[in-house]
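First comes the structure, then the notes that go with it.
The values are calculated or read from the model by the stated rules, or taken from the named source; none is laboratory data. Please read all numbers here as calculations on a predicted model, not as lab measurements. All Cβ positions, glycine included, derive from the backbone under ideal geometry; neighbour counts span all protein chains shown. Heads up: the accessible areas ignore ligands, DNA and RNA and are worked out on the full protein's heavy atoms, side chains in. Shrake-Rupley method; radii C 1.70, N 1.55, O 1.52, S 1.80 Å.
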Amino acid sequence: MNLNALKLLTLCVFLSCKTTNPLRPTVSINPHEVVKSPLHLSVNSMGVWHAHEGELDHVQLIDQQGNELAIGILSTSEDWMKSGSILFQTVLEFNSKENKRGYLTIHNYSGVGDGSEAGEKLSFKIPVRFEP
């Protein structure tokens, strides 16, 4: 197989793996962004994660030593029962002291009940840097 055919095959495989459905919500900050207190954070559920009573769940700010600096509940004033994008917000107040780095952990609401009644507990981390 020549090199051009291999490149074309690789490109086709790569493009066919893309999805138009997001796998997780979008967040108002980028990885490794510099953050300071108070941190106004927005999370768009993108219809991927579901809310309960107007809350998506919570977000934690953790420093590089693993200490929790802040925790906030992601809530909305929008119609949280609709499908699609819903914007949830919280404000985190913290003292980063001598820390230079940390991460945000965004958690979902997995539902109530046991077994198949409850949803899957999901979370993801976003690395951040603290303002000097």
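Quick notes
- Any chance GLU120 is at pLDDT below 90, under 19 Å from the mean Cα position of the chain (by Cα) and open to solvent by 70 Å² or more (accessible area, probe 1.4 Å): yes
- Residue within the stretch 15-29 that is in a strand (DSSP E or B) and at pLDDT 70 or above present: yes
- Any hit, the stretch 1-12, residues being of a type outside the set (Phe, Trp, Tyr) and either part of a loop (DSSP other than H, G, I, E, B) or at pLDDT 80 or above (or both): yes
- Looking across the stretch 87-101 at every residue that is closer than 11 Å to SER42 by Cβ and modelled with pLDDT under 85, the one that is surrounded by the most Cβ atoms within 10 Å (Cβ to Cβ) is identified as PHE88.
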